[in-house]
Number of protein chains: 2
Amino acid sequence: MAAEPMTESRLFPGVLRAINLGLAMFVEAPQAHGAPVEALDWRPPAEGDREVGLLLARLEDDPTDPVGRVVAAANATALERLLGAQPLLVDVRPAREALGLEDRHLLHSGPPIEWDRMCGPVRGAIVGAILYEGWAAAPEAAEALAASGAITFAPCHHHGAVGPMAGVISPSMPVVVVENQAGGTRAHATLNEGLGKVLRFGAYDASVLERLRWFGDVLGPALSAALRDSGPINLRSLTGQALQMGDEGHNRNIAATSLLVRALAPSIVRTADSATAGVVFDFLRSNDHFFLNLSMAACKSSMDAAHGIPGASIVTAMSRNGVDFGIRLSGTGDRWFTSPVGVPDGLYFPGYGPEDANPDLGDSAITETFGIGGFAMAAAPAITRFVGGTASDALEFTRLMARITLGRNPAYALPALEFTGTPTGIDARRVVDSGIAPVINTGIAHRLAGVGQIGAGIARAPLACFSAAIQGLARSLGVPG
Amino acid sequence: MAAEPMTESRLFPGVLRAINLGLAMFVEAPQAHGAPVEALDWRPPAEGDREVGLLLARLEDDPTDPVGRVVAAANATALERLLGAQPLLVDVRPAREALGLEDRHLLHSGPPIEWDRMCGPVRGAIVGAILYEGWAAAPEAAEALAASGAITFAPCHHHGAVGPMAGVISPSMPVVVVENQAGGTRAHATLNEGLGKVLRFGAYDASVLERLRWFGDVLGPALSAALRDSGPINLRSLTGQALQMGDEGHNRNIAATSLLVRALAPSIVRTADSATAGVVFDFLRSNDHFFLNLSMAACKSSMDAAHGIPGASIVTAMSRNGVDFGIRLSGTGDRWFTSPVGVPDGLYFPGYGPEDANPDLGDSAITETFGIGGFAMAAAPAITRFVGGTASDALEFTRLMARITLGRNPAYALPALEFTGTPTGIDARRVVDSGIAPVINTGIAHRLAGVGQIGAGIARAPLACFSAAIQGLARSLGVPG
């Protein structure tokens, strides 16, 4: 609402109340004369693309239009499945077993990509996975093998899995098994390695491989045994609690990690010998991000329940392979809509800068797709502070994301916003209409293989893939465009 | 600042801007005529007590007055010691050993009180402690023994200890040993029993006594052994983290409890057999309030370092025995200033109401004395919500407490207030001057012995004991009053 007017004008007798659309400079003249001006943050839909703008209009919720009715009903169903998701952590199994992943097959983050287009950190992680599996004995041989065509690559998303950063999964790696009880969907993710030199940022030295072996030999089996003793862990309730404890479920996971350790501790000591339990607790104590991969698998299992509903404009995956940013809509099935991906806006470790950074990477944007991570920034003001922002900026990010989402998820309440639910269910129509790009909290990898993490920050999804997805959705509904 | 005026008045040509002091009804007339009125929340100092008001004026920081110089310097020293406190959890030992507590001696919360004046829940806890120690075999005999004069009672505060609610400590109970490394002060507290039927709320049935025996036989020794293995736990850093995770260190302790469990888990499994470690983790998993007593001991060890500085008007203890509310100032040494204590404003468990409630109780207000708990409410909006308030109310409580404190503690930063430190170091002068009573988060006990907790809520300290303390401080400085 405009403020009360301060002055009367001779040209406009009575009261002048101005609303400005478009160029900000038009605000200046009336303001200089003391008139209150509301500057409306308006941009033409679809960044001014007339064709997409017309398609958008056809896809609007309109009860008088058969297409509009289909889209509205499809989104309502999708949102209901999203809000009803009940992800449970049920087990930890080798990927070979849980995903049916065969020898010489590797999964990676993001939309599909072949070896010759892959970025440095993904290549590094692939080299590490080949060495870990013993398919080659040295990095050069591993690289040659990968380039030879003898290894089959596929996105994690094509196998009911998600991976942070490079997201490489090989058959022997243990993966968490998360079952969305309400949706009947299952999702998987590797175990989180912690910070420093880690495979997911493209490092593959001896310490990285040793940790992966310990995951397969000790940590994975110990967690699996503990989960059989404890029964499934309810990740919806655990994440809901963590959002009231400063986590946003993507870049801050200390609360959820601590709650998980406390929940599993009795079963860990009941099922492992003391020495094993000791090293497992040592690792879990040192890794504040352990819960990240569970959070991702929980979000994936929830999004998959909302996927594949004809006509639904809800985004069911956002993901990056370090070269392309890709999204999927519920209504367009397994097709990816991609655009080139940029470098996040972030804070770098000493000695590094944006020129060292790889473009944004990882399946972890599944958390934002679900409505946590950057969408729940109000829960974790520490993250905006990390990149020079304030607690108010954190609230603003969440409020902004509410403009492109279908609803609020009351199971994930935000204390700083009077316990309203986090905005959830990105509507591709609203992204294209408003030009508001989804915000994604992320880590930053060095662009070269073998180096690792060099920072963390905030990325925005590229708008072009949302426009492409809207065109795809329109075609799937027979709307001429 | 007043808003811009909306109307012009014939009586006051130009602009009428009103500021109202005192009765709120005077605001109505000018407001009815459209004039902006700022209502100043002002009350006469010392609730209008002229004598105390004049003493207050003499105790103000005034570089031209020798008394004012002493008070200012003394408070500066006290605040420095408070901000510099480094509380470490070093051990868990029986009270007999850690406090030199002898047979037939019992400690209780609050200022001194004799058996015949004690409230129901404290009597209940004393009966429980006598049964636990085996000094009597049945509740009636325990009560008779307590009334006979054969038991010596003293406040926890007189023995370097603090106890939540009834706060009863007997020689065989294990207590945490917290050492403030910077101040050379030590403080102690019992182990937290969890919710439900517990001694601190005055219950003493078989389940209560069984838990106390398990504390002495199993939990205390297990934690002691684990702490020898892990080394001291830094409670300053742990509580600082927990305040960024939705805890306020008094009525919400889930983050700190979870962080503590994660920190101690490796050492627990290294020093206890599997069966013991299992039941210890079971108990710690079920008790979200386990950290409360550690928080209290940390605050006590910090406040004691700021105690005993001649002239200092900083409050070093606030405490209640269910009959009297008592405070101590740094500058008036071990003397208590007391007034009758009221029933907290709270939410009751089904079947109970204010008529069942005991007046406020416990040493736990040491957390507010230190600047967390109710003073850090901005960290834990869930608590105001619990009594029907909002997240904004939580910020308001913290802002209000900043008006009666000497400084901010940057080690305990509040995310929702842009990471400013929690207001710390209650200045008795400011409390009396402003009439703003310290806010205290608290539990509510049934007024009868043996029943237990019936609710939780928010209490305000009675102003009268602060006025009495100011008079005591003035006398100690030779100010005639």
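Quick note: the coordinates plus some simple rules give every number you see, no bench work behind them. Predicted model only: the values in this text are computed from it and were never measured. Note that each Cβ is placed from the backbone with ideal geometry, even for glycine, and that neighbours are counted across all protein chains shown.
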Legend entry - region B:22-81: Cα Rg divided by the 2.2 N^0.38 Å rule of thumb: 1.78
Inset, instruction - Apply the Debye scattering formula to region B:333-481, with a single equal point scatterer on each alpha-carbon and no solvent, then give log10 I(q)/I(0) at q = 0.10 Å⁻¹. - result: -0.39
Inset, instruction - Would you tally the net charge around residue B:437, using a Cβ to Cβ cut-off of less than 13 Å, leaving residue B:437 out, and scoring K and R as +1, D and E as -1? - result: -1
Inset, instruction - Can you bin region A:298-393 into rounded, prolate or oblate? Criterion: square roots of the alpha carbon gyration tensor eigenvalues sorted a ≥ b ≥ c, rounded for a/c under 1.5, prolate for a/b above b/c, oblate for the rest. - result: oblate
Inset, instruction - Can you list the distances in nanometres, one decimal and ascending, from the residue B:310 label point to the identical position in each other copy, with the point 7 Å along Cα to Cβ? - result: 9.1
Inset, instruction - Restricting things to alpha carbons, tell me how big the protein assembly as shown is in terms of Rg and Dmax, in Å. - result: 31.6, 95
Legend entry - Relative contact order of chain B, defined on C-alpha pairs under 8 angstrom at six or more residues apart (%): 19 percent
Inset, instruction - Binning at 10 Å from 0, report for region B:87-298 what percent of all alpha-carbon pair distances ends up in each bin. - result: 9, 36, 36, 16, 3
Inset, instruction - Would you tally the net charge around residue B:360, using a Cβ to Cβ cut-off of less than 11 Å, leaving residue B:360 out, and scoring K and R as +1, D and E as -1? - result: 0
Legend entry - Computed Rg/Rh of region B:88-200, alpha carbon atoms with Kirkwood Rh: 0.97
Legend entry - Per-peptide average of other Cβ atoms within 10 Å, ordering B:377-388, B:207-218, A:222-233, A:137-148 highest first: B:377-388, A:222-233, B:207-218, A:137-148
Legend entry - Label 7 Å beyond Cα on the Cβ vector: residue A:60 copy-to-copy distances, nm: 6.5
Legend entry - Descending Cα extents along the principal axes, region B:384-452, whole Å: 42, 28, 22
Legend entry - Environment charge at residue B:95 (Cβ cut-off 11 Å; Lys +1, Arg +1, Asp -1, Glu -1): -1
Legend entry - All lysines inside 30 Å of residue B:300 as judged from Cα atoms, apart from same-chain residues fewer than 8 positions distant: B:197
Legend entry - For region B:166-173, Karplus couplings with θ = phi - 60° (6.51, -1.76, 1.60), whole Hz, Gly/Pro x: 4, x, 6, 10, 10, x, 7, 6
Inset, instruction - Take peptide A:263-273, look around each residue's Cβ out to 10 angstrom, count Cβ atoms belonging to other protein chains, and average those counts. - result: 6
Legend entry - Dipole-positive endmost among B:221, B:115, B:281 within region B:87-298 (Cβ charges, Cα centre): B:281
Inset, instruction - Quick one: give the max-minus-min coordinate of the C-alpha atoms of region A:52-139 along each principal axis, largest first, in Å. - result: 65, 36, 19
Inset, instruction - From the C-alpha gyration tensor of region A:243-329, pull out the three semi-axes of the equivalent ellipsoid (sqrt of 5λ each), sorted largest to smallest, in whole Å. - result: 34, 14, 13
Inset, instruction - At q = 0.12, 0.15, 0.16, 0.21 Å⁻¹, work out log10 I(q)/I(0) for region A:183-309 with the Debye formula, treating every Cα as an identical point scatterer and leaving solvent out; two decimals please. - result: -0.48, -0.75, -0.85, -1.35
Legend entry - On Cα atoms only, tilt of B:292-305 relative to the major axis of chain B in degrees: 60 degrees
Inset, instruction - Would you mind checking which residues have amide H under 5 Å from residue B:407's amide H? H placed 1.01 Å from N; only 5 or more apart, or other chain. - result: B:424
Legend entry - Low-density loop cleavage sites - trypsin sites (Lys or Arg not before Pro) in region B:86-126, where at most 16 other Cβ are within 10 Å (DSSP): B:104
Inset, instruction - Within 10 Å of each Cβ in peptide B:235-243, how many partner chain Cβ atoms are there on average? Round it to a whole number, please. - result: 1
Inset, instruction - Report the one residue of B:162, B:178, B:199 whose Cα lies farthest in the direction of the positive end of the charge dipole of region B:87-298 (charges on C-beta: Lys and Arg +1, Asp and Glu -1; origin at the Cα centre). - result: B:178
Inset, instruction - Kindly provide the helix-only [θ] at 222 nm of the protein assembly as shown, computed as the sum of -39,500 (n - 2.57) over DSSP H runs of four or more divided by all residues, to the nearest 500 deg cm²/dmol? - result: -11000 deg cm²/dmol
Inset, instruction - Quick one: grab Rg to one decimal and Dmax as a whole number for chain B, Cα atoms only, in Å. - result: 23.6, 87
Legend entry - About the Cα centre, charge dipole magnitude for the protein assembly as shown (Lys/Arg +1, Asp/Glu -1 at Cβ), debye: 320 debye
Inset, instruction - Distance between Cα centroids, region B:38-68 to region A:318-357: provide it in whole Å. - result: 62 Å
Inset, instruction - Compute the separation of the alpha-carbon centres of region A:236-264 and region B:147-225 and state it in Å as a whole number. - result: 31 Å
Inset, instruction - Calculate how steeply helix A:50-59 sits against the longest principal axis of the alpha-carbon atoms of chain A, using the helix alpha-carbon long axis, and give the answer as 0 to 90 degrees to the nearest 10. - result: 80 degrees
